[in-house]
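A.B. asks: Take this structure, written in structure tokens, and hold onto it; I'll ask about it next.
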Amino acid sequence: MLECTNEHACFGGIQGFYRHQSSAIGLSMRFSVYQPPQAKHHAVPVLFYLAGLTCNEETFMTKAGAQRFAAQHGIMLVAPDTSPRNTGIAGATTDWDFGEGAGFYLDATQAPWHPHFQMETYITQELRSLIVDSFPARADRIGVFGHSMGGHGALMLALRHPDIFRSVSAFAPVVAPTHCPWGQKAFTHYLGADQTSWQQYDASALMQSRTTPFPHGILIDQGLSDKFLLEQLLPYTFETACSVAQQPLTLRRHAGYDHSYYFISTFIEDHLAFHQRILAA
């Protein structure tokens, strides 16, 4: 049963926060939805936003300033939480970069994470169906974008589910998790020590086995003053993979910008316009 915990009028639309008992996760999950004013009259395109480490379903909606532009373009915004919560798993809340708040948008195969950390199934199947069934959302016009760990999730899920996601973009994404400390830590626990199983959740590795999966292009914004740029994010690895795959990519480099929502809010208008062009086609 879907429960609305809060609603706010916002740019002529409705900003809502919800929770439900998830069958995929086996626990209560939370998410937020912005319904633009156009949704009062007809079904609208949907854009999923996947947040980064330590974030939740409120972070993007309260910090990015995206609702103004979603209202202009008639796009519904959906932001799930970044992981299951209150799992009772030992160590799940010990580290900021792993466990609760750090689901990495994959389906865990290893104990004790497997029963609850099923974020890929949750987003692409359960939450997607819930949004289409419960809100005026177009099932055939869905895009995805995200930040940092959520940028990893957006690129990875788009490449794994091109039948679901028509458009994809990211802010400062983790594009090669098998080659950075954040990804290696998470994948070891969630997927096991066999690194061959990791490749299916690595956007750069996935891109290398594709040919022009998103012909309308992919947009990535990266701040050059981002303290995680060289050790964790590795955007140029993805740039090389896109070149091999003949995938159109716009990788914009911004001097002076860091990893924060000040950076995201600066360029959020461009991302909404990018998705609108593709989802409206």
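The values are calculated or read from the model by the stated rules, or taken from the named source; none is laboratory data. Every value quoted in this text rests on a predicted model; they were computed, and no experiment measured them. As a convention, Cβ positions derive from the backbone with ideal geometry for all residues, glycine included, and neighbour counts pool all protein chains shown. Quick note on the areas: whole protein, heavy atoms, side chains included, nothing else; ligands and nucleic acids left out. Shrake-Rupley method; radii C 1.70, N 1.55, O 1.52, S 1.80 Å.
A.B. asks: Given the options 235, 37, 162, which has the most mean-square fluctuation in a GNM of the chain, springs set between C-alpha atoms less than 10 angstrom apart?
C.D. replies: Greatest mean-square fluctuation among the candidates belongs to 162.
A.B. asks: Nearest 0.05, what FRET efficiency do residue 184 and residue 58 give at R0 = 25 Å with Cβ-Cβ as r?
C.D. replies: 0.30
A.B. asks: Running a GNM on the chain with Cα contacts under 10 Å, which residue among 12, 103, 256 ends up with the highest mean-square fluctuation?
C.D. replies: Most flexible of the set in this elastic network: 256.
A.B. asks: A follow-up question, please. Taking the Cα centre of the chain as origin, sum charge times position over the Cβ atoms of Lys and Arg (+1) and Asp and Glu (-1), and report the length of that vector in debye to the nearest 20.
C.D. replies: I would put it at about 580 debye.
A.B. asks: While we're looking at this one, here's another question. What percent of all Cα-Cα pairs in region 160-200 falls in each 5 Å bin, counting up from 0?
C.D. replies: Over region 160-200, the share of Cα pairs per 5 Å bin runs 5, 20, 23, 18, 18, 14, 2 percent.
A.B. asks: Something else about it: Among DSSP bridges having both ends in the chain, what percentage is antiparallel? Round to the nearest 5.
C.D. replies: Percentage antiparallel, nearest 5: 50.
A.B. asks: Here is a follow-up. If each residue of separation counts as 0.36 nm, what is the full-extension length gain between residue 8 and residue 269 once their alpha-carbon separation is subtracted?
C.D. replies: 91.8 nm
A.B. asks: Same structure, new question: With the Cα gyration tensor of region 1-142 in hand, give its eigenvalues times 5 under a square root as the equivalent ellipsoid semi-axes, listed largest first in whole angstrom.
C.D. replies: Largest first, region 1-142 gives 28, 15, 12 Å.
A.B. asks: When the accessible area of the chain is computed with all protein chains present and a 1.4 Å probe, what percentage of it is carbon and sulfur?
C.D. replies: Answer for the chain is 49 percent, counting heavy atoms of protein chains only.
A.B. asks: Go through 274, 187 and list them by solvent-accessible area, largest first, probe radius 1.4 Å.
C.D. replies: 274, 187
A.B. asks: Can you give the percent of C-alpha pairs in region 134-281 whose distance is more than 29 Å?
C.D. replies: Within region 134-281, distances greater than 29 Å cover 14 percent of Cα pairs.
A.B. asks: Here is a further query. What are the ³J(HN,Hα) values, in whole Hz, obtained from phi via the Karplus relation 6.51 cos²θ - 1.76 cosθ + 1.60 with θ = phi - 60°, for each residue of region 65-82 in sequence order, with x given for Gly and Pro?
C.D. replies: Result, ordered by residue: x, 7, 4, 4, 7, 5, 5, 5, 8, x, 10, 7, 10, 10, 10, x, 5, 7 Hz.
A.B. asks: Next question. Of 75, 99, 195, whose Cα points farthest to the positive end of the dipole of the chain (charges on the beta-carbon: +1 Lys, Arg; -1 Asp, Glu; origin at the Cα centre)?
C.D. replies: 75
A.B. asks: With springs connecting C-alpha atoms under 10 Å apart, model the chain as a Gaussian network and identify which of 89, 220, 264 has the largest mean-square fluctuation.
C.D. replies: Highest fluctuation of the listed residues: 89.
A.B. asks: I would also like to ask the following. Calculate the dipole size of region 103-157 relative to its Cα centre from +1 charges on Lys and Arg beta carbons and -1 charges on Asp and Glu beta carbons; express the result in debye to the nearest 20.
C.D. replies: The dipole magnitude comes to about 160 debye.
A.B. asks: Can you give me the distance in nm between label points at residue 97 and residue 23, each placed 7 Å from the Cα along the Cα-to-Cβ direction?
C.D. replies: 3.7
A.B. asks: Can you tell me how much longer the chain between residue 138 and residue 253 gets when fully stretched, taken as 0.36 nm per residue apart minus their C-alpha distance, in nm with one decimal?
C.D. replies: Gain on extension, residue 138 to residue 253, equals 38.1 nm.
A.B. asks: Full extension from residue 195 to residue 41: what is 0.36 nm times the residue separation minus their Cα-Cα distance, to one decimal in nm?
C.D. replies: Working it through step by step, the gained length comes to 50.6 nm.
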